[in-house]
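First the structure, in the form of structure tokens, and then the observations on it.
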Ligand code: FAD
Ligand code: NA7
């Protein structure tokens, strides 16, 4: 039967999950094609192979965050004795071109890698004709492809709010990292991690972002930490318009954008003029072009439900990455799920993806990283009486000389109160948060307990060592701020 199809496996989507799956499948002897196709944004932005992470996600975001941190570091350098010009300012066009050059080089390396590894790359938009047949829309016509097995890894794209002017005048993260003009005064609508990260680096680069928050900040994250992140951004001069939704965007004769908005609490209508309006109001799974009914695959809203083997309701059609329902939308999650799936399909493996306790970082100016349960989820799962929260504010050594604010540098461990005192969640707000939490994530997955954490000797002077010095519980009511 295998020979009757063009390929053993066709992967739809050449992003983090799709590429990992395709490469691993070929490495284990499968004949594989991988389709990738990017529809331009309303203002015409498009990009190459590699998906969201490389082109319009993690990578350009981290580079712009780094650019913003470097600006801060240059100012701090003066306090450390460097003679620096205090009139330094960023060059947006140069930054964009450096970022885009890096992305183009990654696109190129990806193409070469696919060729070397013998994955057939098809630059076409895939849609199902029947459960074993896909039609690929290419630049010059259509191509029909059959396969024994399919993996859907089409990811998502930013949503636009349904208000006048949103699509015509607003941009999203899909446009920001290649924007050919300075963003200027920017309204960032949405307080998920993407909105906060973009507002954070825009501020660091010297622009004037305002964050519009419909309800809460960083839904899904520990809310004490989320509020500290927002407060740390406000302390840096980023205004938050709370309980506010946009009503319309109009272009003024001078080209600037007039945004009308409403406070949902008071009903008060307000307006302001911005150079850029950035929608960061969530992402939509790209199911529409797939013609899933032709394959019999069910979609729920814009996501696909899979079982613990990443199989959809049609057994030979699988899905990984952002397109699947109810799992963390993160690159390493998509990559590992894709790779493990390929091994189960072609290498006799039975190892499944474990979606629990995935660490993540919000790259705001003061970064927030966490792994495991939020305090509220731990309370929900185990009851408030069974949870002990160890916490403390701390002062990074390197903040003293430039007299940086330490007000929001904070760590907490959410743990089992009795028994082993198993650690359920770790939360860190401070510099290089991702680097700090990654190792602790392995510890947590290995069954870390509070006594083990307390018996771990810290590395001094670091900020990560604060996790080994946690002695104050919330229940004690003692002041968690350090004496000196
Ligand atoms: P994608 O990488 O989106 O790839 C899907 C590909 O399939 C795309 O190229 C798409 O155009 C293509 N496609 C869609 N439909 C079709 C079709 N019908 N036919 C052919 N091709 C199709 N994650 C982190 O872990 N860390 C971060 O710091 C981080 N930062 C982010 C910042 C931003 C601004 C954004 C937007 C995302 C960020 N993410 C981050 C999330 C991360 O980018 C995604 O989780 C990851 O890219 C998902 O991979 P995927 O393979 O599911 O989909
Ligand atoms: P998120 O995390 O879904 O956040 C979206 C934010 O936008 C959130 O604060 C929403 O507020 C807000 N939102 C949503 N719709 C509107 C409208 N119409 N008007 C104003 N504000 C709105 O998305 P991100 O863009 O940060 O993307 C991150 C994705 O990757 C996300 O899907 C994660 O799962 C992973 P709310 O809290 O709903 O009131």
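The values are calculated or read from the model by the stated rules, or taken from the named source; none is laboratory data. Note that the structure is predicted; figures quoted are calculated from it, not measured. Backbone-built Cβ (ideal geometry, glycine too); neighbour counts: all protein chains shown.
Being in contact (Cβ under 8 Å) with a residue 24 or more places away in the chain, within 13 Å of ligand 1 (Cβ to nearest atom), crowded, with 21+ Cβ neighbours inside 10 Å and closer than 30 Å to residue 8 by Cβ is the requirement here; does residue 199 meet it? When the stated conditions are applied, residue 199 does not pass them. Here 292, 298 are screened, and the one residue that is at pLDDT 95 or above, within 14 Å of ligand 1 (Cβ to nearest atom) and under 28 Å from the mean Cα position of the chain (by Cα) is 292. Quick check on segment 25-38. Is at least one of its residues out of contact with any strand residue (DSSP E or B) (no Cβ under 8 Å at 6 or more places or on another chain), surrounded by fewer than 21 Cβ atoms within 10 Å (Cβ to Cβ) and not in a helix (DSSP H, G or I)? Yes, segment 25-38 has at least one match.
Can you spot a residue in segment 230-241 that is within 16 Å of ligand 1 (Cβ to nearest atom), in a loop (DSSP other than H, G, I, E, B) and surrounded by fewer than 21 Cβ atoms within 10 Å (Cβ to Cβ)?
Applying the first criterion (within 16 Å of ligand 1 (Cβ to nearest atom)) to segment 230-241 yields none.
There is no residue in segment 230-241 that is within 16 Å of ligand 1 (Cβ to nearest atom), in a loop (DSSP other than H, G, I, E, B) and surrounded by fewer than 21 Cβ atoms within 10 Å (Cβ to Cβ).
Looking only at segment 341-360, how many residues end up being within 14 Å of ligand 1 (Cβ to nearest atom) and either part of a helix (DSSP H, G or I) or out of contact with any strand residue (DSSP E or B) (no Cβ under 6 Å at 6 or more places or on another chain) (or both)? Spell out the reasoning first.
Our first condition is that a residue be within 14 Å of ligand 1 (Cβ to nearest atom); within segment 341-360, this holds for 341-342, 353, 355, 358-360.
If we keep only those that are either part of a helix (DSSP H, G or I) or out of contact with any strand residue (DSSP E or B) (no Cβ under 6 Å at 6 or more places or on another chain) (or both) too, we end up with 341-342, 353, 355, 358, 360.
Going through segment 341-360 one residue at a time, the tally reaches 6.
Does residue 385 fit the bill of being assigned to a helix (DSSP H, G or I) and either closer than 17 Å to residue 226 by Cα or in contact with a helix residue (DSSP H, G or I) (Cβ under 9 Å, 6 or more places away or on another chain) (or both)? Taking the combined requirement at face value, the residue does not satisfy it.
Restricting attention to segment 37-54, does a residue exist that is touching a helix residue (DSSP H, G or I) at 6+ places or on another chain (Cβ under 8 Å) and at positive phi? Yes, there is a match, as at least one residue in segment 37-54 is touching a helix residue (DSSP H, G or I) at 6+ places or on another chain (Cβ under 8 Å) and at positive phi.
Test residue 366 against the stated conditions and say whether it is within 25 Å of residue 225 (Cα to Cα) and buried (at least 20 other Cβ atoms within 10 Å of the Cβ). Criteria met by residue 366. Pairs are defined by a Cβ separation below 7 Å, a sequence spacing of at least 6 or placement on different chains, a first member in segment 181-193 that is more than 20 Å from residue 45 (Cβ to Cβ) and within 16 Å of ligand 1 (Cβ to nearest atom), and a second member that is in a loop (DSSP other than H, G, I, E, B) and at pLDDT 95 or above; the pairs so defined are 191/213; 191/217; 191/218; 192/218; 192/219; 192/280; 192/282; 193/218. Checking each residue in segment 315-340 for being within 13 Å of ligand 2 (Cβ to nearest atom), in contact with a helix residue (DSSP H, G or I) (Cβ under 6 Å, 6 or more places away or on another chain) and in a helix (DSSP H, G or I) picks out 321, 331, 334.
Here residue 154 clears all of (1) in a loop (DSSP other than H, G, I, E, B); (2) at pLDDT 95 or above; (3) more than 23 Å from residue 294 (Cβ to Cβ) except the condition numbered (3). Taking first residues from segment 317-333 that are farther than 18 Å from residue 158 by Cα and partners that are part of a loop (DSSP other than H, G, I, E, B) and more than 12 Å from ligand 2 (Cβ to nearest atom), the Cβ contacts under 6 Å between residues at least 6 apart in sequence or on separate chains come to 317/297; 318/310; 319/306; 319/312; 320/153; 320/310. Considering (1) part of a helix (DSSP H, G or I); (2) more than 16 Å from ligand 2 (Cβ to nearest atom); (3) under 22 Å from the mean Cα position of the chain (by Cα), the lone condition that residue 45 does not fulfil carries the number (1). For segment 64-86, the criterion of being modelled with pLDDT of 95 or more, closer than 13 Å to residue 201 by Cβ and within 16 Å of ligand 2 (Cβ to nearest atom) is satisfied by at least one residue. Reported count of residues in segment 463-483, each being surrounded by fewer than 18 Cβ atoms within 10 Å (Cβ to Cβ) and either in contact with a helix residue (DSSP H, G or I) (Cβ under 6 Å, 6 or more places away or on another chain) or without any contact (Cβ under 8 Å) to a residue 24 or more places away in the chain (or both), is 7. One residue stands out among those in segment 287-314 that are more than 30 Å from residue 177 (Cα to Cα) and assigned to a strand (DSSP E or B): the one that is nearest to ligand 2 (Cβ to nearest atom), which is 300.
Residue count for segment 97-147 under the criterion of being touching a helix residue (DSSP H, G or I) at 6+ places or on another chain (Cβ under 8 Å), within 14 Å of ligand 1 (Cβ to nearest atom) and part of a helix (DSSP H, G or I): the result is 6.
Could you list, in sequence order, the residues of segment 260-286 that are farther than 27 Å from residue 56 by Cβ and part of a loop (DSSP other than H, G, I, E, B)? Correct list: 264, 265, 266, 267, 268. Does residue 46 satisfy the condition of being surrounded by fewer than 19 Cβ atoms within 10 Å (Cβ to Cβ), away from ligand 1 (no atom under 15 Å from the Cβ) and within 30 Å of residue 165 (Cβ to Cβ)? Here the answer is no, as residue 46 does not meet what is asked.
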